[in-house]
1. Across segment 21-33, what is the total count of residues that are within 11 Å of the chain's Cα centre (by Cα), among the small types (Gly, Ala, Ser) and outside any helix (DSSP H, G or I)?
2. Checking Asp31 against (1) modelled with pLDDT under 95; (2) open to solvent by 70 Å² or more (accessible area, probe 1.4 Å): exactly one of these is not met. Which one?
3. Enumerate the pairs (first residue in segment 63-84 and touching a residue at least 60 places away in the same chain (Cβ under 8 Å); second residue anywhere and open to solvent by less than 70 Å² (accessible area, probe 1.4 Å)) with beta-carbon separation below 7 Å, excluding pairs fewer than 6 apart on the same chain, so at least 6 apart or on different chains.
4. Would you mention how many residues in segment 1-27 are open to solvent by 40 Å² or more (accessible area, probe 1.4 Å) and within 19 Å of Phe79 (Cα to Cα)?
5. Would a scan of segment 9-20 turn up a residue that is aliphatic (A, V, I, L, M), assigned to a loop (DSSP other than H, G, I, E, B) and in contact with a helix residue (DSSP H, G or I) (Cβ under 6 Å, 6 or more places away or on another chain)?
6. So, Asp5, is that one of a type outside the set (Phe, Trp, Tyr) and on the phi > 0 side of the Ramachandran plot or not?
7. Find the residue count for segment 34-70, including only residues that are assigned to a helix (DSSP H, G or I) and either within 14 Å of the chain's Cα centre (by Cα) or surrounded by fewer than 16 Cβ atoms within 10 Å (Cβ to Cβ) (or both).
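The values are calculated or read from the model by the stated rules, or taken from the named source; none is laboratory data. None of these values were measured; they are calculated from a predicted model. Don't worry about glycine lacking a Cβ; one is built from the backbone with ideal geometry, like all the others, and counts go over all protein chains shown. Accessible surface is based on the protein model in full, side chains and every heavy atom, while ligands, DNA and RNA are left aside. Shrake-Rupley method; radii C 1.70, N 1.55, O 1.52, S 1.80 Å.
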Amino acid sequence: SSLLDLMAWDATDQIDLIKQPLLMIAGGKADSGYMTDDAFAKATGATDKALFKIDGATHIETYWVPKYVNEIEGKLASFYKGNL
């Protein structure tokens, strides 16, 4: 509704309400990595939570660099297999 509302909004404000398995993925060199670490720490209600950091990857590279995408696909497949 406004820039001020957007600036004050915290996506992790109620992350502790997640009661399902949680996999968070971040590039090891991502500028936004601190936000992932913060969100992961706040997700206290999640069962079987895991944080997967991709060594050497920036945030954007996790979307298109084949090496990183393959790592992510493998992690997602094993996480889903164990939790679905």
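1. Counting residues in segment 21-33 that are within 11 Å of the chain's Cα centre (by Cα), among the small types (Gly, Ala, Ser) and outside any helix (DSSP H, G or I) gives 3.
2. The number of the failed condition is (1).
3. Asn83/Pro21
4. Of the residues in that region, 5 qualify.
5. no
6. no
7. Here the count works out to 16.
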